[in-house]
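The values are calculated or read from the model by the stated rules, or taken from the named source; none is laboratory data. Please read all numbers here as calculations on a predicted model, not as lab measurements. Note that we place each Cβ from the backbone using ideal geometry, even for glycine, and neighbour counts take in every protein chain shown.
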Amino acid sequence: MRKTPRVYPNVWSVSDLFSGACKQTGTSRSKEGIKVRKTISDAVIRVKNGYLANLSQISIPHSKKVLAVMEVLVKHKYLKSVKADKDSLVVELNYPDKKPAIIDLRNISVPGKKVYTPYKMMPKVWGGLGINVLTTNKGVLSDKEARKLKVGGEILLQVW
């Protein structure tokens, strides 16, 4: 007895995905490209990929929170500078002694799992050689600044 093939209504082909027909999946393509929902995660990956490709500067979609995170990284000399344009941030990567300033970046809080910590129990990154970037009621701070101000918050990412 032969079985008839099943038809799956929600399966998309590769050509459908890149033609803009994937409206049910939540990603939408436009002339500008893919719209990003998780801006901090996207920025972290772009910085990491920029260092892996030995680029001198990268471009990141503009957001107030991403700008604040990048300014913390500039303050701790993981990045050279951040310049805000109309729609994007231009980030210059730092290479002291021709080696990347950042060994690795890691997202800690993601939309499905937020990680909060009080200032007394804040974890150290690589025994204090790296930093945590937190969002607190005082703004976006590194773990060292948060300990001085005695505030806890949500750990966004770790840098070392």
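Filtering Ile45, Ile40 for residues that are surrounded by fewer than 15 Cβ atoms within 10 Å (Cβ to Cβ), of a type in the set (A, V, I, L, M) and not in a strand (DSSP E or B) leaves a single hit, Ile45.
Residue-by-condition table, conditions (1) free of Cβ contacts under 8 Å to residues at least 40 places away in the same chain; (2) touching a helix residue (DSSP H, G or I) at 6+ places or on another chain (Cβ under 8 Å); (3) acidic (Asp, Glu):
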| site | (1), (2), (3) |
| --- | --- |
| Ser56 | yes, no, no |
| Ile60 | yes, yes, no |
| Lys64 | yes, no, no |
| Met70 | yes, yes, no |
| His76 | no, no, no |
| Val82 | yes, yes, no |
| Val90 | yes, no, no |
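May I ask you to say which residue of Lys86, Lys77 is surrounded by fewer than 12 Cβ atoms within 10 Å (Cβ to Cβ), assigned to a loop (DSSP other than H, G, I, E, B) and modelled with pLDDT of 95 or more? Within the list Lys86, Lys77, the selection yields Lys77.
Within the stretch 131-154, at least one residue is of a type in the set (Gly, Ala, Ser), in a strand (DSSP E or B), touching a residue at least 40 places away in the same chain (Cβ under 8 Å) and within 25 Å of Tyr51 (Cα to Cα).
Out of everything in the stretch 48-74 that is of a type in the set (Gly, Ala, Ser) and in a loop (DSSP other than H, G, I, E, B), what residue ends up being modelled with the lowest pLDDT? Ranking the qualifying residues of the stretch 48-74, first place goes to Ser63.
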